[in-house]
Amino acid sequence: MNADPAPAVRATASTAPTTSDSAAAAAGRLAGTAPEPGVRKPDPLLVLDGVTRTFGGLVAVRVDHLEVQRGVITALIGPNGAGKTTLFNIVSGFDRAGRGRWSFDGHPLTGCRAHRVARHGLVRTFQLPRTLSRLTVRENMMLAAAGQRGERFLPALLRPLWHGQEREVGRRADELLERFRLGGVRDDHAGTLSGGQRKLLELARVLMVRPVMVLLDEPMAGVNPVLTQSLLGHITELRDEGLTVCFVEHDMDVVMGISDWVVVMADGRLVAEGPPHTIGQNPAVVDAYLGQRHDEPGTPRNEE
């Protein structure tokens, strides 16, 4: 007599991890990690040593040591001009460091160009979404998939060599567009999308590469509150699915709401690291945002 599979299905569903379970698991990966700049992590995915970038006489980045823990959401924050985006540009291969080295999942990436970095599974987005405006939303998605045989000249002449792969790429693109609630505009030109929809498209397009880690540069900038909540949900889903996320953000409600770990930069240097609840009380963070002579009760002020 065949067993009824329904109980097994119900048991699986009832034991599926919730978002709070996943957040607790992510926090557990960093349990016991000291909240101090450059601290060693239990299982770092991205490691930087002595990374420096200057523009003339301006030191934009000077990071002695930084590790990004695998499987968590790390926020990179700091005042304007702190060097956050420059650091993203260096790590993702869109800029060159003057000195230093960095590795990803044990593979040295120092000096690698952006396309080679992406092949290792480290993919990024930008402050201003970059879409191919005259292609459809679905075509933007399909173009992002890696290793397509039809992109090479000789195989492109023989349709049977790439047609099956193209169907699979299209199927995955459609699934992701539905997941990010862009299925209704899949055949529209990307240039007709709103700013928030372009952010969603860029995040969905990143997943076409099947990344190991994603770098998100101000994902909430210019996004209305409704889409902000949608983006927040998608970002936490990435962590819950096993991806590592590092993002730059100025909205502290966002940072405190979804981050498992926070790294603070000021004047190109790391000034603090720690769980979100410890960052707001860190004197180095307060000084970075307000200056060392920020107004406090009892602080003398110079008279003019």
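General remarks:
- ³J(HN,Hα), Karplus 6.51/-1.76/1.60, whole Hz, each residue of the stretch 211-219, x for Gly, Pro: x, 9, 9, 10, 10, 10, 9, 6, x
- A straight chain from residue 168 to residue 43 at 0.36 nm per residue would run longer than the Cα-Cα distance by 41.6 nm.
- Separation between Cα centres of the stretch 107-144 and the stretch 53-102, rounded to whole Å: 19
- Most to least packed among 52-61, 93-102, 240-249 [average Cβ atoms within 10 Å]: 240-249, 93-102, 52-61
- Taking a ≥ b ≥ c as the square roots of the Cα gyration tensor eigenvalues, the stretch 61-120 comes out oblate, since a/c reaches at least 1.5 and a/b does not exceed b/c.
- Environment charge at residue 34 (Cβ cut-off 13 Å; Lys +1, Arg +1, Asp -1, Glu -1): -1
Values in this text are rule-based calculations from the coordinates and carry no lab data. What you are looking at is a predicted structure, and each value in this text was computed from that prediction instead of being measured. Don't worry about glycine lacking a Cβ; one is built from the backbone with ideal geometry, like all the others, and counts go over all protein chains shown.
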